[in-house]
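Engineer: The structure's right below; bear with me while I get my questions together.
Just so it is clear, none of the values below were taken in a lab; they were calculated from the coordinates. Quick caveat: nothing in here was measured; it's all calculated off a predicted structure.
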Amino acid sequence: MSRCLFACALWLLLATGVRAANDAFVIEVSAKPAGGPTITSRSTEAATRGRATIASQPRRKMELTWSVTSAAGSKPAPNVTVHTFLERAAAVGAATAPKPGPTALYESAVSVNFEAGSRASGQISLEVPDAGDYLLRVETIGAAASAGREQAAAIDLKVTP
């Protein structure tokens, strides 16, 4: 019985690793509130654990960085939008991530023509909102046309007084 469990666990680990290695894009997003640690989330980690959570106090400065890297052997992906947003969430760790609405606290988008092995990145400095739960997400829009699916990385933000 234990051999079967070990074999199944090994297969699951290898299957997850193969999936990550075959992704056409890897997204990485990092958040660092003033006086706090840096938390990083990668799109390749989505299948292995829940979203990373960072805590902050209201009205503090937060530095966000993101990068999207296309795999060395991937097909060109023209007109991919890298979409970044910060939106209020129902709760930290909620299974369904909110979509940005007209009242999103922060939202930006940049269109990129990705070649094999290319990289796009950005840095954002913003003020942490009032107390509550929020989601910071960086996602591709339009990558599925050449890569087969969209990619995303996200961090939950817990703001307490």
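Engineer: Among the lysines, which fall within straight-line cross-link reach of Lys61, defined as a Cα-Cα distance under 28 Å, with same-chain neighbours fewer than 8 residues apart omitted?
Structural biologist: Cross-link targets: Lys32, Lys99, Lys158.
Engineer: Another question about this same structure. Provide the descending list of Cα extents for the range 90-161 along its principal axes, expressed in whole angstroms.
Structural biologist: Sorted from largest, the Cα extents of the range 90-161 read 45, 27, 23 Å.
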